[in-house]
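Taking it in order: structure first as structure tokens, then the write-up.
The values are calculated or read from the model by the stated rules, or taken from the named source; none is laboratory data. The structure presented is a predicted model; accordingly, all values stated were derived computationally and were not measured. Here the Cβ positions follow ideal geometry from the backbone for every residue, glycine too, while neighbour counts run over all protein chains shown. What goes into the accessible areas is simple: the full protein's heavy atoms, side chains included, and nothing from ligands, DNA or RNA. Shrake-Rupley method; radii C 1.70, N 1.55, O 1.52, S 1.80 Å.
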Amino acid sequence: MKDSENERAMIKDMGDSAGEMLEAAGAKNIRTYANPSAPRWALHEAGRREWNGCQKSVLNQFQQTHDVKNLFVMDASGFTSNPCQNRR
């Protein structure tokens with residue numbers, strides 16, 4: 001098992017972006033880390049169960065609420081499974 005070239009590029013971009021955001025917020029002495037020691041080093045896999053109809057589900061397949069138009073959930077809180085730690 002190994003990370004693909006695209007996954008390695010995304011890891012670097014996440015580190016760079018995090019550093020930029022911290023700098024914009026006024027942080028000093030920023031040191032980002034983008035060299036994982038193993039594939040899937042800090043992956044939080046999440047998944048959700050699909051329901052057909054709003055009677056059983058708050059969100060549709062796009063993480064959009066059924067009852068509030070154009071409201072999307074933009075984190076993993078709508079997922080039924082989400083581990084609480086990094087997988088190593």
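Per-residue accessible area for residue 21 at 1.4 Å probe radius, Å² rounded to 10?
130
Starting from the Cα of residue 70, step 7 Å along the direction of its Cβ; do the same at residue 33; then give the gap between the two resulting points in nm.
Here the answer is 4.1 nm between the modelled labels.
Once the convex hull of the alpha carbons of region 1-41 is built, what does its volume come to per residue, in cubic angstrom? Don't jump to the answer; show the numbers that get you there.
Values: hull volume 2.3 nm³, N = 41.
Dividing the Cα hull volume of region 1-41 by its residue count gives 55 Å³.
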